[in-house]
1. Give the aspartates and glutamates whose C-alpha is closer than 16 Å to that of K231, dropping any in the same chain fewer than 8 places away, or say none.
2. State the extension gain, in nm to one decimal, for the chain segment bounded by Y278 and S304, taking 0.36 nm per residue of separation less the distance between their alpha-carbons.
3. V356 to N6: extension gain in nm, 0.36 nm per residue of separation minus the Cα-Cα distance?
4. Of all beta bridges DSSP finds with both residues in the chain, what is the antiparallel percent, to the nearest 5?
5. Near the amide H of L11, under 5 Å away, which other amide H atoms are found, from residues 5 or more places off or on another chain, if H is placed in the peptide plane?
6. Picking from Q43, Q245, Q341, which is most flexible by a Gaussian network model of the chain using Cα springs under 10 Å?
7. Once you keep just the Cα pairs under 8 angstrom separated by 6 or more residues, what percentage relative contact order results for the chain?
8. Each residue of region 133-146 in order: what ³J(HN,Hα) in whole Hz does its phi give by Karplus 6.51 cos²θ - 1.76 cosθ + 1.60, θ = phi - 60°, with x for Gly and Pro?
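Read-outs throughout are calculated quantities, based only on the coordinates presented, and are distinct from any laboratory measurement. Treat the numbers as computed from the prediction; the structure is a model and nothing was measured. Backbone-built Cβ (ideal geometry, glycine too); neighbour counts: all protein chains shown.
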Amino acid sequence: MSNNVNYSFRLDGVATGDSFGRAIYCNDYDGNGKDDLYISATQTDYTGSGSGSLYIIGDTVFSAFPNGSIQTLTNNTGFTLRIDGAAANDVFGASLLIHDFNNDSHADLVIGASETSDVSAARLGMYYLIDSSKYFGYTTEGNVLSVVSGNNIYNARFTFSDRYYMGRLDAVAANFTNENGSDLILISDLGGYPTEYRGYVHIIPSSVVLNNYADSEKDISLDDPDNYFLKIYGEPSTPYYAGDQEIGRGAGVRVIDVNSDNLDDLVISASWSHYAAYQSGSLIIIDHTAIAGLEGNGHSLTPSDLLRRRYDGGYRHFFGDDLVVTDLNGDDSNDLLIGAQGTGYVASYGGSVYVVYNFPHTVSLDPLPAHTKQDSFALTGSVSAPNSVTNIAGVES
Ligand SMILES: [Ca+2]
Ligand SMILES: [Ca+2]
Ligand SMILES: [Ca+2]
Ligand SMILES: [Ca+2]
């Protein structure tokens, strides 16, 4: 790629250590039918060393770049909008969710600033909510905004007292509550530090998200159980490292219908967890119905409380470091692709990728007859797993 005949255009960061291009996202933010670019540069220094930035480059800007051209995003050209973090070392832009929460056909942003500090501790992190009205409508090049307090550039910030590096993984939009509209899922995979890295995934109901759209610079604390529907946190103890399950670490959260009932389910990685062995890592799958049946807000549960299925790696496999859910074999049923960079099957830490086709198995049971003896009954029925080996102890075929 040193030869410019091999690319259409190249975008360059500006200053030493900007980390421009750490993450790239596409979304049609101005609604003209053409994707626009969102690119993070988490170590820019515009409001202090390492404050971080998110660049938005509209299609109307980049479509004018000549073939083979090099665009350096300096002198406020080459981009439509740059949003800067609030203070030094905030690492603003560490993660991004682009989603229209209020259904006005314009994308809103949830941006992680994973190393923001407060007076109590360093690197706590947070997520910012910025609705489209805050950043929409710029058509010229070189506009700059910053989330420094007083600028009214963000609607709300999500924090809580037990977080650590909150916002380094992409937030997710989903619908698990009984409310209309999208809920917001936030991750603090190292939360619990320094006592233990238990990790937290919070589901924020759409009503809490939307109630803060009219506001500017609102602080929403997830210490208040009215502000979340469900908090999922690492198990308090295990045989290995008590509580250090780091729920969310690795791929983070995916929302997908794993059991083909047309209801989205929750898939959470915990690639440094110790459920099976030291740092074995896990993929935790929680059914929609296990969550959506909960009434009201403020639920606080562990994966085991909600579990449908958990896939575990082995000793230091870091199972779940990455995760893709797609129909890989084209049978209209979603499949799992799971990274485990620590396996040692061929060589020490050689790493592996697992593919699990069509992973929902269907189990149908015949009606249970009346008990013949106390604490003893027999179930009959069938297990269907056409694309995998099924060998379940105690099940006779
Ligand atoms: Ca566009
Ligand atoms: Ca919107
Ligand atoms: Ca489902
Ligand atoms: Ca498939």
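1. D162, D183, D189, D223, E246, D265, D287, E295, D305
2. Working: separation 26, 0.36 × 26 = 9.36 nm, distance 1.82 nm.
Taking 0.36 nm per residue and subtracting the Cα distance, the gain is 7.5 nm.
3. Working: separation 350, 0.36 × 350 = 126.00 nm, distance 3.62 nm.
My answer for the length gained is 122.4 nm.
4. Details: 70 of 87 bridges.
Expressed as a percentage, antiparallel bridges in the chain total about 80.
5. Correct list: Q71.
6. Q341
7. Numbers: 1078 pairs, mean separation 33.4, N = 397.
Relative CO of the chain lands at 8 percent.
8. Going residue by residue, I get 5, 6, 10, 8, x, 7, 10, 8, 7, x, 7, 10, 10, 9 Hz, with x marking Gly and Pro.
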